[in-house]
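The values are calculated or read from the model by the stated rules, or taken from the named source; none is laboratory data. The structure presented is a predicted model; accordingly, all values stated were derived computationally and were not measured. Don't worry about glycine lacking a Cβ; one is built from the backbone with ideal geometry, like all the others, and counts go over all protein chains shown.
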Ligand SMILES: Cc1ncc(C[n+]2csc(CCOP(=O)(O)OP(=O)(O)O)c2C)c(N)n1
Ligand code: SF4
Ligand SMILES: [Mg+2]
């Protein structure tokens, strides 16, 4: 009998600590599938960030460094500069990447650092219990915006992919969503493109994944997926924002 | 290595090249790092250490190395974390405000046990302070600065030659303990020129030769460099294991120098630039018949308590001189443990105590006129500084 669906080799055979219905697990799975398909497991180094995915190394079986909050792109830069033939990726949440680590990710792109960033946008600080993130939607209630995010007081959600696409050093920037099977398949294709961008030494690549946090959004998992589709996508449109064609730098 | 009372060279046993060149401290530090096998440098401009990144930007590409100008010292120290964790021999340098920004990263480096060498060419603080030499980051370097129970191994060289020699030792010690090592210089040492000769070159290590370095698992067991341990028992065990390392460093890495100690009754205690000033003051005092010696800590952590034990039976008093309001003096008092009087003289902000000023304090100490440390602060507040 031919297996049509199995655990990617890179994904460890352990239970994760993620909440039921959280899409961090889906992101891990498609990332692992891409690493398998590209055959780069033995030559890849991951950088885990500070957020719910802090223990990503417990699930993805490659060499890993655990970075301080927001600093993963700087850590990845250091790794890549020492072993440039190694594939280096970071896995970061929106608090980590878009708030405390905004400078690090921007300047990694500015340098055209040849690394891949997997960016989980769930519009909230998951790990610390649901505080406002830079990506929190207008009117969205969080534990630190009890009345909903009010632009006059807390400003507007930050569109990271659009911002980074303006940077010349960025070679591949895409935003995908994990709310249904068709979009998960697209997300996987984008992650693969991002890694291929790195393998071809074209420069900085980032895939933003709209992701759910049923626990801190306070909704059941299925409703959370619907919420991504109905509320998040209008603010964070999907698509490729930068695709650098042609040869390596 | 334990230093004997007369052993001045930190590099005995290493063949010294005959060639002597005149070099600025900052440039000599950079060249020494390259010759010690360093191939990675991550920097951010700040006076008075700019010649180090500038030299590295020029020289590293010539030897197949990498220089990256980071977007901040925060990013720079985290690049060091990544590069050191991937097995590279890495240097980073800055001056006081920049070193403050690195404290989080330094704590992570210690927690994840990643080696590197950090140079701080100290300037006056707090805040933006000034750009003139200072020694006011002693607490930050030796007592923490970042969060958690960690230690840096800290060297306080007092000449350009010694900075060069210590650079070789610093990389070896950092890798021996898998811990960051700091060279605590000051703006004076960075900016002045002195003749210097370089030890034989050490080749850079192959990153893949380090079994713990994250370079891709090559089909073997995946490696992890991390400082997060949520289980209290696990973190407690990790901390005590780090302490074992630090205790070992206290046994094996302490270095100091003593001058004119054999017949001395009174002792100056100073490191770095201040030790040079004290040496001149010591000569002046001796010409007046005052038997003064100099204890010069070379490792600031681990602090050379042993040096004090050796002279305590005949010491009438210790005068600690610093370019700060009194930081190392606390370690001197801890070493002396009340068995002899400890006095202090210091200036800050780039105002450097001069030999005449130190001589005056030596005379006061000998004649019993030096105030206790508590009274000293009152007198300084009253305007008596020079
Ligand atoms: C310097 C620092 N500040 C704050 C924290 C606390 N902290 C841990 S996770 C986190 C937010 C993570 O949110 P996000 O990056 O969006 O990841 P998520 O949990 O949502 O996946 C914060 C603020 C920290 N660990 N370090
Ligand atoms: S808190 Fe949110 S982001 Fe974190 S694991 Fe739970 S659902 Fe996922
Ligand atoms: Mg988040």
Checklist line | Lone qualifier among A:68, A:32 - being over 26 Å from residue A:140 (Cβ atoms) and within 11 Å of ligand 1 (Cβ to nearest atom) | finding: A:68
Next item on the list: For the range A:19-37, enumerate the residues that are surrounded by fewer than 20 Cβ atoms within 10 Å (Cβ to Cβ) and within 11 Å of ligand 2 (Cβ to nearest atom).
Entry: A:19, A:20, A:21, A:25, A:26
Notebook entry, point to check: Given the conditions (1) closer than 23 Å to residue A:102 by Cα; (2) out of contact with any strand residue (DSSP E or B) (no Cβ under 7 Å at 6 or more places or on another chain); (3) within 15 Å of ligand 3 (Cβ to nearest atom), which single one is not true for residue A:51?
Noted result: (2)
Note to self: Looking at residue B:352 and the list (1) at pLDDT 95 or above; (2) surrounded by 18 or more Cβ atoms within 10 Å (Cβ to Cβ), which single condition is not satisfied?
What the structure shows: (1)
Notebook entry, point to check: Pairs, please: C-beta under 9 Å, at least 6 apart or cross-chain, first residue farther than 13 Å from residue A:50 by Cβ and away from every other protein chain (no Cβ under 13 Å) and in the range A:84-98, second assigned to a loop (DSSP other than H, G, I, E, B) and within 12 Å of ligand 2 (Cβ to nearest atom)?
Noted result: A:98/A:133
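Take residue A:229 and decide whether it is more than 16 Å from ligand 1 (Cβ to nearest atom), at pLDDT below 95 and more than 25 Å from residue A:103 (Cβ to Cβ).
Working: more than 16 Å from ligand 1 (Cβ to nearest atom): yes; at pLDDT below 95: no; more than 25 Å from residue A:103 (Cβ to Cβ): yes.
Judged against the criteria, residue A:229 is not a match.
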Notebook entry, point to check: Is the range B:245-261 home to any residue that is under 30 Å from residue A:57 (Cα atoms) and out of contact with any strand residue (DSSP E or B) (no Cβ under 7 Å at 6 or more places or on another chain)?
Noted result: yes
Check: In the range A:124-147, is there at least one residue being away from ligand 1 (no atom under 13 Å from the Cβ) and in contact with a strand residue (DSSP E or B) (Cβ under 7 Å, 6 or more places away or on another chain)?
Finding: no
Check: Which condition number in (1) crowded, with 21+ Cβ neighbours inside 10 Å; (2) more than 14 Å from chain A (Cβ to nearest Cβ); (3) not in a strand (DSSP E or B) is the one that residue B:76 fails?
Finding: (2)
Next item on the list: May I ask you to say which residue of A:147, A:158 is more than 26 Å from residue A:34 (Cβ to Cβ), within 13 Å of ligand 3 (Cβ to nearest atom), more than 14 Å from chain B (Cβ to nearest Cβ) and not in a helix (DSSP H, G or I)?
Entry: A:158
Next item on the list: Could you grab me the full set of residues in the range A:186-220 that are buried (at least 16 other Cβ atoms within 10 Å of the Cβ), in contact (Cβ under 8 Å) with a residue 60 or more places away in the chain and either within 16 Å of ligand 2 (Cβ to nearest atom) or in a loop (DSSP other than H, G, I, E, B) (or both)?
Entry: A:202, A:203, A:208, A:209, A:210, A:211, A:212, A:213, A:214, A:215, A:216, A:217
Next item on the list: Residue by residue through the range A:113-144, note down the ones that are assigned to a strand (DSSP E or B) and away from ligand 2 (no atom under 16 Å from the Cβ).
Entry: A:116, A:117
Checklist line | Among (1) within 25 Å of residue B:149 (Cα to Cα); (2) surrounded by fewer than 24 Cβ atoms within 10 Å (Cβ to Cβ) - the single one residue B:288 does not satisfy | finding: (1)
Item checked: Only one of B:145, B:216 that is within 12 Å of chain A (Cβ to nearest Cβ) and either buried (at least 19 other Cβ atoms within 10 Å of the Cβ) or touching a strand residue (DSSP E or B) at 6+ places or on another chain (Cβ under 9 Å) (or both) -> B:216
Notebook entry, point to check: In the list A:72, A:32, which residue meets the criterion of being touching a strand residue (DSSP E or B) at 6+ places or on another chain (Cβ under 6 Å) and more than 17 Å from residue B:82 (Cβ to Cβ)?
Noted result: A:32
Next item on the list: From the list A:174, A:133, pick out the single residue that is more than 16 Å from ligand 3 (Cβ to nearest atom), within 17 Å of the chain's Cα centre (by Cα), modelled with pLDDT of 95 or more and away from every other protein chain (no Cβ under 14 Å).
Entry: A:174
Margin query: Among the numbered criteria (1) surrounded by fewer than 24 Cβ atoms within 10 Å (Cβ to Cβ); (2) part of a helix (DSSP H, G or I), which one does residue B:126 miss?
Written below: (2)
Item checked: Pair list, Cβ under 8 Å, 6 or more apart: the range A:106-128 residue within 17 Å of residue A:89 (Cβ to Cβ), other residue more than 9 Å from ligand 1 (Cβ to nearest atom) and modelled with pLDDT under 95 -> A:112/A:249
Next item on the list: Identify the single condition in (1) facing chain B (nearest Cβ under 8 Å); (2) in contact with a strand residue (DSSP E or B) (Cβ under 9 Å, 6 or more places away or on another chain); (3) surrounded by fewer than 24 Cβ atoms within 10 Å (Cβ to Cβ) that residue A:112 does not satisfy, given that it satisfies every other one.
Entry: (1)
Margin query: Filter the range B:219-233 down to the residues that are loosely packed, with under 13 Cβ neighbours inside 10 Å and more than 7 Å from every other protein chain (Cβ to nearest Cβ) and list them by number.
Written below: B:220, B:221, B:230, B:231, B:232, B:233
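Okay, residues lined up against (1) in a strand (DSSP E or B); (2) touching a residue at least 12 places away in the same chain (Cβ under 8 Å); (3) within 23 Å of the chain's Cα centre (by Cα):
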residue	(1), (2), (3)
B:228	no, no, no
B:243	no, yes, yes
B:254	no, yes, yes
B:258	yes, yes, yes
B:262	no, yes, no
B:268	yes, yes, yes
B:285	no, yes, no
Notebook entry, point to check: If we scan the range A:15-30, do we find a residue that is at the interface with chain B (Cβ under 9 Å from one of its Cβ atoms) and in contact with a helix residue (DSSP H, G or I) (Cβ under 8 Å, 6 or more places away or on another chain)?
Noted result: no
Checklist line | Subset of the range A:31-75 (residues that are without any contact (Cβ under 8 Å) to a residue 40 or more places away in the chain and within 7 Å of chain B (Cβ to nearest Cβ)) | finding: A:42, A:57, A:63, A:64, A:65, A:66, A:67, A:68, A:71, A:74, A:75
Next item on the list: Residue by residue through the range B:287-296, note down the ones that are out of contact with any strand residue (DSSP E or B) (no Cβ under 8 Å at 6 or more places or on another chain) and either in a strand (DSSP E or B) or not assigned by TED's automatic domain parsing to the domain that holds residue B:364 (or both).
Entry: none
